[in-house]
């Protein structure tokens, strides 16, 4: 039963297959940006729907609040993600320049840093010295090694604009879905809420499946965890709306 899997793994580790795989550029963080924007977008608008139902507000009020928050919060999250990626890129570039200056000014000291880094990994003697010589003989590899090993900085896998755009698009697309039942007449607010809840649940579960595809975790577990996260947020919004309706006097 396990033989086909073993054969597949063997084929994946043939020299030419490994070479082709390593030649590909590393994966981007687009999935992470989409998951971040999608979850927050759906939670934001469905929480408004749930809060409006709990507070006894009309569907028109919930619709206005939903779309207003959809655009404003989506823009805010996109800008925040943009700034986060931009700061990481600028930090990495600043440290890169510093390492270049250190290599030019104190090459022996930088070689010693490489030596100590790989000594901690278990290398000793001639093997260690060959590693130090090999890394320090290539300036680009030398700098990349210091960035990753000394400073813990991985390569930036996305541009700030790309991350911001993906986050905004996912936020708006996922956040629009729970608001769709509010656009149609002929249903009570409770009926619209039920349909919105079903749609939001499908969105949360789908995002969980996307997370599973990226992380390798079991699909059902990932989908249910994301569904639970969104459902909890909506439940809190409903509870707050209901309590405030009981506490705050009507205007």
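The values are calculated or read from the model by the stated rules, or taken from the named source; none is laboratory data. Computed from a prediction, not measured in an experiment: that's the story for all the values here. When we count neighbours, we look across all protein chains shown, and the Cβ atoms used for this are built from the backbone with ideal geometry, even at glycine.
Within the set 145, 134, the sole residue that is buried (at least 16 other Cβ atoms within 10 Å of the Cβ), in contact with a helix residue (DSSP H, G or I) (Cβ under 9 Å, 6 or more places away or on another chain) and over 30 Å from residue 35 (Cα atoms) turns out to be 145. Among the conditions (1) under 22 Å from the mean Cα position of the chain (by Cα); (2) exposed (fewer than 14 other Cβ atoms within 10 Å of the Cβ); (3) within 24 Å of residue 77 (Cα to Cα), residue 152 misses just one, which is (3).
Residue count for segment 77-100 satisfying the condition of being surrounded by fewer than 16 Cβ atoms within 10 Å (Cβ to Cβ) and over 19 Å from residue 158 (Cβ atoms): 3.
Each row is one residue, and each column tells you yes or no for (1) within 16 Å of the chain's Cα centre (by Cα); (2) modelled with pLDDT of 75 or more; (3) within 23 Å of residue 232 (Cβ to Cβ).
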position: 7; (1), (2), (3): no, no, no
position: 14; (1), (2), (3): no, yes, no
position: 18; (1), (2), (3): no, no, no
position: 23; (1), (2), (3): no, no, no
position: 27; (1), (2), (3): yes, no, no
position: 34; (1), (2), (3): yes, yes, yes
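Looking at (1) crowded, with 17+ Cβ neighbours inside 10 Å; (2) within 19 Å of residue 56 (Cβ to Cβ), find the lone condition where residue 194 falls short. With (1) crowded, with 17+ Cβ neighbours inside 10 Å; (2) within 19 Å of residue 56 (Cβ to Cβ) applied to residue 194, the lone miss is (1). Within segment 77-84, is there a residue that is in contact (Cβ under 8 Å) with a residue 40 or more places away in the chain and not in a helix (DSSP H, G or I)? Checked against the condition, which is being in contact (Cβ under 8 Å) with a residue 40 or more places away in the chain and not in a helix (DSSP H, G or I), segment 77-84 yields no hits at all.
Taking every residue in segment 52-68 that is free of Cβ contacts under 8 Å to residues at least 12 places away in the same chain and pairing it with any residue that is assigned to a helix (DSSP H, G or I), at least 6 positions away or on another chain, the pairs with Cβ-Cβ distances below 7 Å are 61/52.
Go over the candidates 183, 227 one by one and state the one that is surrounded by 14 or more Cβ atoms within 10 Å (Cβ to Cβ) and either at pLDDT 80 or above or under 22 Å from the mean Cα position of the chain (by Cα) (or both). Even if it seems obvious, please write down each step before you answer.
On the way: 183 fails: surrounded by 14 or more Cβ atoms within 10 Å (Cβ to Cβ).
Sole residue among the options that is surrounded by 14 or more Cβ atoms within 10 Å (Cβ to Cβ) and either at pLDDT 80 or above or under 22 Å from the mean Cα position of the chain (by Cα) (or both): 227.
Of all the criteria given as (1) buried (at least 21 other Cβ atoms within 10 Å of the Cβ); (2) more than 29 Å from the chain's Cα centre (by Cα), the one not satisfied by residue 237 is (2). Taking segment 110-133 as the range and being part of a helix (DSSP H, G or I), closer than 14 Å to residue 149 by Cβ and free of Cβ contacts under 8 Å to residues at least 12 places away in the same chain as the test, the residues that pass are 112, 116, 119, 120.
Among helices (runs of 4 or more DSSP H) entirely within segment 134-251, having at least 1 residues that are in contact (Cβ under 8 Å) with a residue 24 or more places away in the chain and under 30 Å from residue 107 (Cα atoms) singles out 139-149.
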